[in-house]
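Single-structure report; data block below.
What follows is calculated from the coordinates using simple rules that are stated; it is not laboratory data. Quantities reported herein were computed from a predicted structural model and do not represent experimental measurements. Cβ sites come from the backbone with ideal geometry, for glycine too, and all protein chains shown count toward neighbours.
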Amino acid sequence: MGMFQTREPRKYRRISMYTSERKDRLDKLVRDVKREMGELPADDIDPDKFKGQFSKFTPHARRASEREHKLSWPLALILILVLLLIWRYIVMGRL
């Protein structure tokens, strides 16, 4: 009998490409008021929990975050000192 049954079409789900900031603010305000009145459970989402999660799952970003340049500042200071000594030698003509 499956051959003679018609499929039900998929439901239309409109996903807006553009957002209305006014509508978002109003929805947030309504949620906050409902939460204060006890109609909604407390919001347990912590934005800091998601910080840095993107770099864990992309190889390029993970490698970039794992790279550490610990020697960059000391190396730069040593290079500046060496260049100052060379400049002094050139200007004075002696060490």
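Between R22, R63, R31, which gets the highest mean-square fluctuation from a Gaussian network model of the chain, Cα cutoff 10 Å? Maximum among the listed residues: R22. The local environment of L29, defined by Cβ-Cβ distances under 12 Å, has a net charge of +3 under the rule Lys, Arg +1 and Asp, Glu -1.
In the list [x] 13.7; [y] 15.0; [z] 21.7, the label attached to Kirkwood radius over Cα pairs in Å as derived from the coordinates here is [z]. Going by neighbour counts of Cβ atoms within 10 Å, the residues D24, D48 line up, fewest first, as D48, D24. Comparing K49, K28, K11 in a Gaussian network model of the chain (Cα springs below 10 Å), the most mobile by mean-square fluctuation is K11. Just to be sure I follow the definition: excluding the sites themselves, where is the longest run in the chain that has none of the chymotrypsin sites (Phe, Trp or Tyr not before Pro) in a DSSP loop with at most 13 other Cβ atoms within 10 Å? So the longest stretch without any such site is 19-95.
Principal-axis analysis of the Cα atoms of the chain puts helix 21-37 at an angle of about 70° to the longest axis. Using the structure shown, select from K11/K56; K23/K49; K23/K56; K28/K49 the pairs with a Cα to Cα distance greater than 31 angstrom. Those over the limit are K11/K56; K23/K56. Each label was represented as a point 7 Å from its Cα along the Cα-to-Cβ direction; for E8 and R35 these points are 3.5 nm apart.
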